[in-house]
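K.L.:
Dropping a structure here in structure tokens format, bear with me for questions.
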Amino acid sequence: MTAALRASALPLPLVRRGKVREVYDAGPDALLLVASDRISAFDVVMDEPVPFKGAVLTQLSAFWFRHLEQAAPSHFITACKDEIVARLPALASHRDQLAGRAMLVRRTEPVPFECVVRGYLSGSAWQEYRDRGTLAGEPLPKGMLESARLDPALFSPATKAETGHDMNVPYASVEAALGADVARRLRSLSFAVYTAGRDYAAGRGIIIADTKFEFGHAPDGTLLLIDEVLTPDSSRFWPADRYAPGGPQPSFDKQPLRDYLAALKQAGKWNGEAPPPPLPADVIEATSARYLEAYRLLTGRSLGPPA
């Protein structure tokens, strides 16, 4: 797999197309998730794909689903193209779209909340704290710095948004919507997965500052970890050797893209809305390199072309 994929087109019923993934009907009990190389920033999907991004999201999620199965059961079945084709023979001539970026998963009924765990005060959490001294409406200690460690980590649920930003909500909102038992289970599983992932990543020089999980109910009622897990799209990965609280941190994600677009906005060359501006090759390459480096550090394996 070398060519970037803007969108997949497979001979299966399309369930939905998101910012990054196409979701296909793979039978009564399964779905096929295909991660394209589309990338978004400031809630706008760029025209140019970022090579290997979809493969990083899929293969890193597959790595984590296997590594974290003791912390939480998941919907993961396989990310091996040959195993996928064996179950779905209609895809035999579409291996190029499956290689590296397709994942077969169990069907679930998704929980309508993002389960966010924050180990450091960053992003929207920092903005809320700076403005009001709270996180999801709950007070935090005074005098905290941007990117300061939160000890213990905080469970900060959010509503899911098809477009625009997710909204942080109090834990009580999850209890009211789902019941106290399900809310407690979601919080417990989220902490278990975050803690296991954080500790593993720390041994490889990466701080997982925060992350968001999604869960779904299997037909028997079991809560399963679904979608993607601990990827550069769902988490903030910081290099531990460069961590310095008191401001934003360098990260293994789409930072080169965001920096480029922010400069255009500041210069009045882009209004922050669609259509997006064209991306220079160096921005695309730098963004791809960040994703590939996160994968290499976390898994110990290389994905994509040699550096």
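K.L.:
Can you list the HN-Hα couplings for the stretch 80-96, worked out from phi with the Karplus curve (6.51, -1.76, 1.60; θ = phi - 60°), rounded to whole Hz and with x for Gly and Pro?
P.N.:
For the stretch 80-96, the Karplus curve yields 8, 4, 5, 5, 5, 5, 4, 8, 10, x, 4, 8, 4, 8, 10, 4, 5 Hz.
K.L.:
May I pose another question? Taking the stretch 187-284, which trypsin sites (Lys or Arg not before Pro) meet the DSSP loop condition and have no more than 15 other C-beta atoms within 10 Å?
P.N.:
Numbers: sites: Arg187, Arg198, Arg204, Lys212, Arg236, Arg242, Lys254, Arg258, Lys265, Lys269; in loops: Arg204, Lys254, Lys269.
Passing both the DSSP loop test and the Cβ count: Arg204, Lys269.
K.L.:
What percent does the relative contact order of the chain come to when contacts are Cα pairs within less than 8 Å and at least six residues apart?
P.N.:
20 percent
K.L.:
Moving on. Going by amide H atoms built from the backbone, whose H comes under 5 Å of the H on Leu135, apart from near neighbours?
P.N.:
Leu140
K.L.:
The chain: longest stretch without exposed GluC sites (Glu not before Pro) (DSSP loop, at most 14 other Cβ within 10 Å), sites themselves excluded?
P.N.:
On the way: sites that count: Glu69, Glu162, Glu273.
No qualifying site falls inside 163-272, the longest such stretch.
K.L.:
Give me D for the stretch 165-216 in µm² s⁻¹, whole number, from Stokes-Einstein with Rh from the Kirkwood sum over alpha-carbon pairs, 20 °C and 1.002 mPa s. It would help to have the intermediate numbers written out before the result.
P.N.:
Details: Rh = 12.5 Å.
Approximately 171 µm²/s, per Stokes-Einstein.
K.L.:
Is it possible to state the helix-based mean residue ellipticity at 222 nm for the chain, with each DSSP H run of 4+ residues giving -39500 (n - 2.57), the sum divided by total residues, to the nearest 500 deg cm²/dmol? What is it? Please report the intermediate quantities before stating the final value.
P.N.:
On the way: 8 runs with 98 residues, N = 307.
Using -39500 (n - 2.57) per qualifying helix, the result is -10000 deg cm²/dmol.
K.L.:
Could you give P(r) for the stretch 120-211, binned at 5 Å from zero, as whole percent values over all Cα-Cα pairs?
P.N.:
Reading the bins upward from 0: 2, 12, 20, 22, 21, 16, 6, 1.
K.L.:
Then there is this: Once you've got the Cα coordinates, tell me which of Lys212/Lys265; Lys19/Lys160; Lys53/Lys81; Lys212/Lys254; Lys19/Lys254; Lys53/Lys160 are over 25 Å apart.
P.N.:
Working: Lys212/Lys265 28 Å; Lys19/Lys160 14 Å; Lys53/Lys81 17 Å; Lys212/Lys254 16 Å; Lys19/Lys254 14 Å; Lys53/Lys160 23 Å.
Listed pairs above 25 Å: Lys212/Lys265.
K.L.:
In a Debye calculation with equal point scatterers on the alpha-carbon sites of the stretch 14-107 and no solvent, what is log10 I(q)/I(0) at q = 0.15, 0.16, 0.22 Å⁻¹?
P.N.:
Treating every Cα as an identical point scatterer, log10 I(q)/I(0) equals -0.60, -0.68, -1.16.
K.L.:
Taking a cut-off of 21 Å, what percent of all Cα-Cα pairs in the stretch 159-307 are separated by more than that?
P.N.:
Numbers: 6411 of 11026 pairs.
Summing the P(r) tail past 21 Å for the stretch 159-307 gives 58 percent.
K.L.:
Compute the distance from the alpha-carbon center of the stretch 91-106 to that of the stretch 171-218, in whole Å.
P.N.:
Using only Cα atoms, the two centres lie 28 Å from each other.
K.L.:
Additional query: Where the only charges are on Cβ atoms (+1 Lys, Arg; -1 Asp, Glu), what is the dipole of the chain about its Cα centre, to the nearest 20 debye? Could the numbers behind the result be given before it?
P.N.:
Working: 35 positive and 36 negative charges, 69 e Å.
I would put it at about 340 debye.
K.L.:
Another question, if that's okay. Given charges of +1 on the Cβ of Lys and Arg and -1 on the Cβ of Asp and Glu, with all other atoms neutral, how large is the dipole of the stretch 110-242 about its Cα centre, in debye to the nearest 20? Don't skip to the end; give the middle numbers.
P.N.:
Numbers: 14 positive and 18 negative charges, 89 e Å.
Value, rounded to 20: 420 debye.
Read the figures in this text as sums done on the coordinates, not as results from a lab. Note that the structure is a prediction, hence the values are computed from the model and not measured. A quick note on method: Cβ atoms are made from the backbone with ideal geometry, for glycine too, and the neighbour counts reach across all protein chains shown.
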